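Visitor: One structure coming up, written as structure tokens, with questions to follow.
What follows draws every value from the coordinates through simple rules; no lab data is involved. Here the structure is a predicted model, which is why all the values come from computation and not from measurement. For neighbour counting, all protein chains shown are included, and Cβ atoms are generated from backbone atoms with ideal geometry for every residue, glycine included.
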Amino acid sequence: MTRDDTTAASRRLAEWAAAARFDEVPQHHDAILNAWVDSAAVAISGFDTDEFAPVRRFATDAGIDGPGRSQLWGDGSTTSAASAALLNGTACHVMDYDDVHTRIHGHPSTVLFPALLAVAQEVDAPPERFLSGYVAGLGVMTGVSVMFGPDHYTRGWHSTATCGAVGAAAGIAAMLEFDVDGLQQAMAAAASMVGGLRANFGTTMKPLHAGLAARAGVEAVLLVRAGATARAGALELPLGAVSVFGDGSWPGDLDDPAAAVIEAAERAPEQLGLKLYPSCLGTHYAIDAALEVRERLAGERVERITVRIPRGARTALLYDDPTSGLESKFSLPFAVAVALAHGLPGPDRFTDEGAADPRVRALMTRIVVEEDPSGGDAAASMGLRYAEIAANGAEGRTATARVAHPRGSAANPASAADVDAKFRECARRLPDGHARKLLRRLRVTRDLTTLRDLFPLV
């Protein structure tokens, strides 16, 4: 294999990203703008959480919360681009209420939008370039996930962070109109800054992965712009990102591996899904099934609940007996019990107080989870996931439900009205006039004259 062959995928990915334009993908505008509104919503709400407070204190105590033109979405104050990316990215992910992507096996917008807007506000980039940067960043993030392989996530890496930093760097570089060489170097630089372990799910580190990836994307681009160098093919070269982070499956027997990466990049917006519950996506299948069962039993006391899921579907659900709000977001028994006990689970259910709810805890003791070994590995392929629930009522009735496409997922998408309603819920802390004005501006971002001072000062 020649040197050119070895690095062909990252080169073609950089060429594709440099040419990506929001105006040229009108079929994806609704999905992208929904993701943008959704990201702003959950970040605004995330700023108010106890879980975000340590990260905000850290930024101040460590002296990285310096002067700049980039806004913090929760209060409209300004700071440096790197600090804004870190804090907004973390706030966006802290409630685990942000969007998901089935191919990436992670959360793209929580990294991309905070990183892009931080730099866009600093340099006053045109709104169209900001949105084009998102198209480029999402495509690169997806392409990198293909190169890392389906078992990258199951081996313990948090794809939001590992793929996200490279995608953020590519998106920012594309927004700033770097040439292909510069864009490829920015991607390579970001690849040296990635990390994020799934063992830390259910702690502050999990949302911080998103913030650190967003900041890494910003810093990689600023370093390259300042003259720092990185090996342009560091993704695929020996000792590079694919060999270190990848699962060994790529390029496999593909005739044209680079073409497969570009195809994934081009189709990336099709696989965006939004969350309608503030918990790990792995719980949403069972939540929707539990809501159906709850309706059918119509208030009858539930004696026994059996939850059946495919093999590997619990890979991110680390806590059968959660003791905190963060842990409860990654607990399948808790998610089922809270849906059965209270109906639609909002943010107030996944708190420290919610995790101790005696009604929910009592229901959890009646839940049995079974994994079906006959199908494929749902840890490696999100397309194989489902949840079946069978419940027995105290009066003898039974109810069953099966969900393969939870509400908000790419296959069962949320409407713009759903997203706007979620925004209003999350932005309740803002004065009403401020929230309405911000929502209108987010919806017409492409037509704004500037992105500076986008978020209200509160």
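Visitor: Grab the DSSP H runs of the chain that are 4 residues or longer, score each as -39,500 (n - 2.57), total them, divide by all residues and round the 222 nm result to the nearest 500 deg cm²/dmol.
Guide: One gets -15000 deg cm²/dmol as the mean residue ellipticity at 222 nm.
Visitor: Of the DSSP beta bridges with both residues in the chain, give the percent that are antiparallel, rounding to the nearest 5.
Guide: Numbers: 18 of 25 bridges.
Of the beta bridges lying entirely in the chain, close to 70 percent run antiparallel.
Visitor: Something else now. Could you tell me what a quarter of the Cα convex hull surface of the range 9-106 works out to, in nm² with one decimal place?
Guide: Working: hull surface 33.0 nm².
For the range 9-106, averaging the hull's shadow over all directions gives 8.2 nm².
Visitor: Listed highest first by mean packing, meaning other Cβ atoms within 10 Å per residue, what order do 324-334, 229-239 come in?
Guide: Highest-to-lowest ranking by the protection proxy: 324-334, 229-239.
Visitor: Measuring from the lowest to the highest alpha carbon on each principal axis, how far does the range 59-146 reach, largest first, in angstroms?
Guide: The Cα atoms of the range 59-146 stretch 37, 30, 19 Å along the principal axes, largest first.
Visitor: For a test of the definition: using alpha carbon positions, the gyration tensor, and the 1.5 limit on a/c, classify the range 313-354 as rounded, prolate or oblate.
Guide: Verdict is oblate for the range 313-354.
Visitor: With +1 assigned to the C-beta of every Lys and Arg and -1 to the C-beta of every Asp and Glu, and no other charges, what is the dipole magnitude of the chain about the Cα centre in debye, to the nearest 20? Write out the running numbers ahead of the final one.
Guide: Values: 44 positive and 56 negative charges, 165 e Å.
In debye, rounded to 20, the chain gives about 800.
Visitor: Debye sum, Cα scatterers, the chain, no solvent: what log₁₀ I/I(0) at q = 0.09, 0.11, 0.12, 0.13 1/Å?
Guide: Once normalised to I(0) and log-transformed, intensities are -0.55, -0.81, -0.96, -1.11.
Visitor: Same structure, new question: Using a cut-off of 12 Å between beta-carbons, work out the net charge of the residues near residue 142 (Lys and Arg +1, Asp and Glu -1, residue 142 not included).
Guide: Surrounding charge for residue 142 is -1.
Visitor: P(r) of the range 281-403 in 10 Å steps, Cα pairs, percent per bin?
Guide: Distribution as computed: 15, 48, 32, 6, 0 percent.
Visitor: When only alpha-carbon atoms count, how far does the range 180-327 stretch along each of its three principal axes, as whole angstroms with the largest first?
Guide: 67, 38, 25
Visitor: Right, another one. Would you list, by chain and number, the lysines whose Cα falls below 17 Å from the Cα of residue 437, excluding same-chain residues fewer than 8 positions away?
Guide: Correct list for residue 437: 422.
Visitor: In whole angstrom, how long is each semi-axis of the equivalent ellipsoid of the range 23-182, when you take the square root of 5 times every eigenvalue of its Cα gyration tensor and sort them from largest down?
Guide: 23, 20, 15
Visitor: What order, most packed first, do the peptides 396-407, 117-128, 439-450 have when packing is the mean number of other Cβ atoms within 10 Å of each residue?
Guide: Ranking the peptides 396-407, 117-128, 439-450 by packing returns 117-128, 396-407, 439-450.
Visitor: Take the Cα atoms of the range 272-333, build their convex hull, and give its volume per residue in Å³.
Guide: 121
Visitor: I've got another one for you. Quick one: Karplus J couplings for the range 350-366, per residue in order, coefficients 6.51, -1.76, 1.60, θ = phi - 60°, nearest Hz, x for Gly and Pro?
Guide: Result, ordered by residue: 9, 10, 4, 5, x, 5, 9, 3, x, 5, 5, 4, 5, 5, 4, 5, 9 Hz.
Visitor: Something else now. In the range 109-253, if the dipole is taken from +1 on Lys/Arg beta carbons and -1 on Asp/Glu beta carbons about the Cα centre, which of 190, 205, 221 is farthest to the positive end?
Guide: 205
Visitor: Taking the Cα atoms only, what angle lies between the long axis of helix 127-148 and the longest principal axis of the chain, rounded to 10 degrees?
Guide: 70
Visitor: Follow-up question, since we're still on this one. Quick one: which of 9-18, 414-423, 428-437 comes out on top by average Cβ neighbours within 10 Å, and what's the full order, highest first?
Guide: Ranking, from highest mean packing down: 9-18, 414-423, 428-437.
Visitor: Test of understanding: ordering 141, 364 by Cβ neighbours within 10 Å, fewest first, what list do you get? The partial results should precede the final answer.
Guide: On the way: 141 33, 364 23.
Ranked by crowding around the Cβ, least crowded first: 364, 141.
Visitor: Here is a further query. Over the range 3-273, one equal point on each Cα, no solvent: what is log10 I(q)/I(0) by the Debye formula at q = 0.07, 0.13, 0.14 Å⁻¹?
Guide: For the range 3-273 at q = 0.07, 0.13, 0.14 Å⁻¹, log10 I(q)/I(0) is -0.20, -0.73, -0.85.
Visitor: For the chain, build the charge dipole from Cβ charges (+1 Lys, Arg; -1 Asp, Glu) around the Cα centre, then report which of 39, 145, 342 sits farthest towards its positive end.
Guide: Most positive-ward Cα: 342.
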